[in-house]
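Take a look at the structure below.
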Amino acid sequence: MFGLWRTFSSVVLYLTLALGLGGLLGNGLVLWHLGLHIRRGPLAVYALHLAAADFLFLGCQAGSAVAQAALGAQHSLAFVVSFLAFAAGLWLLAAFSLELCVAEVFPACHAGCRPRHTSGAVCGLLWALTPPAVLLPAHACGLLRGGARLGACVRLHAASIAWLLALVCGACGAGLVLFLWVACCSPRPRPRFYGAVLGSAMLLALCGLPYVLLWSLRPLLGALLPPFPPLARLLACVHASARPLLYFVAGRQPGKRQPLRAVLQRALGDGAPRGPGGLALPMGTV
């Protein structure tokens, strides 16, 4: 049994490392093209920040897998740092899904009442709110340094679980409402990012939720179900690595071979691609 468990742990560890490296490449390409070469619309700002959060999470997971393969153990600090990036992506995905849902269900209100720089302000606010929401319960429960404070740990960890479940419900609920609205009620064609948001919501429900459960019930799950923590990390890497594939599938045209920039431009861009200095080129030049 010990040999079987060791083999299982090694296979899952190296799969996590491979997925982390592949996801780093995919999200890095999205960051490169969307950040420097593609003109972004308001909703594409969420995709840019979401790719940054996924890149950080996968980098933490790949580094943690290398350290675990070399040292044979994983420090709790690595789990906290990787979950920090995962939680930022969860915030951003919920905001992305909710705004796309509102834009499709209430298009006139969204176009008339939305300030110009809402996406950037919301993303900056979410990046600022994530560290205290993760680090405060982690510090109170002894995952950083020092001993655990039982009363503060219970209160802060309960609040952390509540807002995490609210984010999961918000992202998945907005995706479900968007799907029902487009399928049954909307006379307009499918909006941009429709497939990416629905795919991300499905990935969150299937692959991201176990990582949320790992954060919420880590000591209990580690003691009762030893295979659960490595599998949850593996599924979370699938969740973060598959998003660039969703963009690629949404932007490609069947039967045609096109550069990656053109595919991402169709899936995420708004208007003409940017020129060398970050300026939009005229459509005739393109």
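Read-outs throughout are calculated quantities, based only on the coordinates presented, and are distinct from any laboratory measurement. All values derive from a computational prediction rather than experimental measurement. Note that we place each Cβ from the backbone using ideal geometry, even for glycine, and neighbour counts take in every protein chain shown.
General observations
- Extending 7 Å from Cα along the Cβ direction at R116 and again at F179 yields two label points whose distance is 3.8 nm.
- Tail fraction, Cα-Cα pairs, region 29-72, threshold 15 Å, whole percent: 52
- Span-rule helices in the chain, defined as complete DSSP H runs reaching 15 Å or more along the axis (Cα) with Kyte mean at least 1.0: 2-36, 44-71, 76-105, 118-140, 150-180, 228-241
- Of the trypsin sites (Lys or Arg not before Pro) in region 92-189, the ones in a loop by DSSP (not H, G, I, E or B) with at most 14 other beta carbons within 10 Å are R116, R145, R149.
- Over region 156-261, the fraction of Cα-Cα pairs per 10 Å bin, rounded to whole percents and listed from the shortest bin up, is 13, 33, 30, 17, 6, 0.
- Label point distance in nm, W32-L136, each placed 7 Å from Cα along Cα→Cβ: 4.0
- Here the spin labels are modelled as points 7 Å beyond Cα on the Cα-Cβ line, and at H75 and V105 they lie 4.5 nm apart.
- Within region 1-49, the proportion of Cα pairs with more than 14 Å between them is 64 percent.
- Counted by neighbouring Cβ atoms within 10 Å, the residues S64, S241 run from fewest to most as S64, S241.
- Over the C-alpha trace of the chain, radius of gyration and Dmax come out as 20.2, 67 angstrom.
- Annotation for region 168-262: trypsin sites (Lys or Arg not before Pro) lying in DSSP loop with at most 15 further Cβ atoms inside 10 Å of their Cβ are K256, R257.
- Working value for region 130-193: equivalent-ellipsoid semi-axes of 40, 11, 6 Å, each the square root of 5 times a Cα gyration tensor eigenvalue, largest first.
- When the Cα convex hull of region 87-133 is projected onto planes of every orientation, the mean area is 3.2 nm².
- Computed [θ] at 222 nm, helices only, for the chain once each DSSP H run of length n ≥ 4 contributes -39500 (n - 2.57): -25000 deg cm²/dmol
- Taking other C-beta atoms within 10 Å as the exposure proxy, C109, C207, C141 rank C109, C207, C141 from fewest upward.
- At the listed q of 0.13, 0.25 Å⁻¹, the Debye profile of region 46-145, built from one uniform point per Cα, gives log10 I(q)/I(0) equal to -0.57, -1.25.
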